[in-house]
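One structure is given here, and the rest of the page talks about it.
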Amino acid sequence: AFCWVQQQRAQRLQHLMVAQYRSYGVIAGTSIEGAIAEFARKVQHLQTKNAELSEQVQTLRPPLHAAPIGSLQIDAQNRLVLINPQACQVLDIATPDQEPLDGSNRLLLEMVRSYELDNLIEATRATQSPRQTEWLLHRISTDPSRIERHPPIPLRAHSVPLVRGQVGVFVESRREATELAQQRDRWASDVAHELKTPLTSIRLVAETLHSRVDPALQSWLDRLINETIRLSNLVQDLLDLSRLDGGAEAALNLTPINLVDLIQRAWHSLEPLATKKHLQFDYEGVAELPIEVDEARLFRVVLNLLDNAIRHSPDRGVIQVRLHGR
């Protein structure tokens, strides 16, 4: 009797398990052994996929670690997930062994105090599109006497949106490029200064000879003097650009002039070039337009406009200038 009771309980338990497996959608109509086998196969499949993904992560980690550009990954709560040694160096993050900080669970703000970087990450997450920005990273020192030892670092960052609100950022230092640009500007400024003296000498010699040569040859000296003046103005432009790049304001010498006369003088200085292409000058507008400007700089602007018109006009064409006052 006891065995019969145990047998009945085992049968009821088997029917209950089959009903539970069927309610969970595990291959209805099959045996418990088949359902368990199918479940085991699914578990094995998931384990295999997980192993493959782990292998891919381990394969990508060494190149990312040794990449010549800084790389970091931020999660949806702006916690640092991954950073390589190059990013630590560029962002001035102190680490004991310069190893990747995996799963540090630290807020990025604790390690890098940069509004521009935070804004880049938020914009990337909001728009779900790659972004780029450049800025100066001002390093913070707790020692006031060491502030001058930490000059700002010019940086450029590229960001890409990732899954689940994460953001990847590639960051690089622009210090070398900035220094090269500064060296180029200094070189241009030095060359411009060196050219001013010989151009001034050439102009003085030409003006001295102007009254001593045959009148038929004086037009050639006039052209030489005009071209020398033009080169001197270009040199002055280079010097002005150097001062502007350095943050200095170029002083403007404002004087009242007649704009119509300035346009006519600019055309006359370029007329020999227009004559070679048989170009005509057609002016239409007011006879006088008084303005207050820096005459030398505006003359160079008008000269460049007319020079471009001569260069790009077909032979025997017409260069038209329209000027209307208020």
Extreme residue, nearest to residue 311 (Cα to Cα), among residues of segment 282-295 that are open to solvent by 50 Å² or more (accessible area, probe 1.4 Å) and in contact (Cβ under 8 Å) with a residue 40 or more places away in the chain: 283
Is it the case that some residue within segment 297-314 is within 14 Å of residue 261 (Cα to Cα) and among the small types (Gly, Ala, Ser)? no
Whether any residue in segment 137-146 is over 14 Å from residue 69 (Cα atoms), modelled with pLDDT of 80 or more and not aromatic (Phe, Trp, Tyr) is what I want to check. yes
Would you tally the residues in segment 287-322 being closer than 18 Å to residue 232 by Cα and in a strand (DSSP E or B)? 1
Can you find a residue in segment 199-215 that is touching a strand residue (DSSP E or B) at 6+ places or on another chain (Cβ under 6 Å), part of a helix (DSSP H, G or I) and surrounded by 11 or more Cβ atoms within 10 Å (Cβ to Cβ)? no
At pLDDT below 80 and within 30 Å of residue 225 (Cβ to Cβ): is that true of residue 206 in this structure? no
Tell me the residue from 258, 253, 233 that is closer than 30 Å to residue 287 by Cα, over 39 Å from the mean Cα position of the chain (by Cα) and either modelled with pLDDT under 80 or among the polar types (S, T, N, Q) (or both), please. 258
Note on segment 159-191: residues at positive phi and either small (Gly, Ala, Ser) or surrounded by 13 or more Cβ atoms within 10 Å (Cβ to Cβ) (or both) are 165
Looking only at segment 122-136, and only at residues there that are over 15 Å from residue 70 (Cα atoms) and touching a Lys or Arg at 6+ places or on another chain (Cβ under 9 Å), the one that is surrounded by the fewest Cβ atoms within 10 Å (Cβ to Cβ): 123
With in contact (Cβ under 8 Å) with a residue 40 or more places away in the chain and of a type outside the set (Phe, Trp, Tyr) as the only criterion, which of 213, 163, 205, 169 stands out? 169
Kindly check whether there is at least one residue in segment 273-280 that is out of contact with any Cys (no Cβ under 8 Å at 6 or more places or on another chain), surrounded by 10 or more Cβ atoms within 10 Å (Cβ to Cβ), assigned to a helix (DSSP H, G or I) and at pLDDT 90 or above. no
Read through the list (1) at pLDDT 80 or above; (2) of a type outside the set (Lys, Arg); (3) within 38 Å of the chain's Cα centre (by Cα), then give the number of the only condition that residue 188 fails. (1)
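The values are calculated or read from the model by the stated rules, or taken from the named source; none is laboratory data. All figures in this text were calculated on a predicted structure; none of them were measured in a lab. Cβ atoms come from the backbone with ideal geometry, glycine included; neighbour counts cover every protein chain shown. Just the protein is used for accessible areas: all its heavy atoms, side chains included, with ligands, DNA and RNA removed. Shrake-Rupley method; radii C 1.70, N 1.55, O 1.52, S 1.80 Å.
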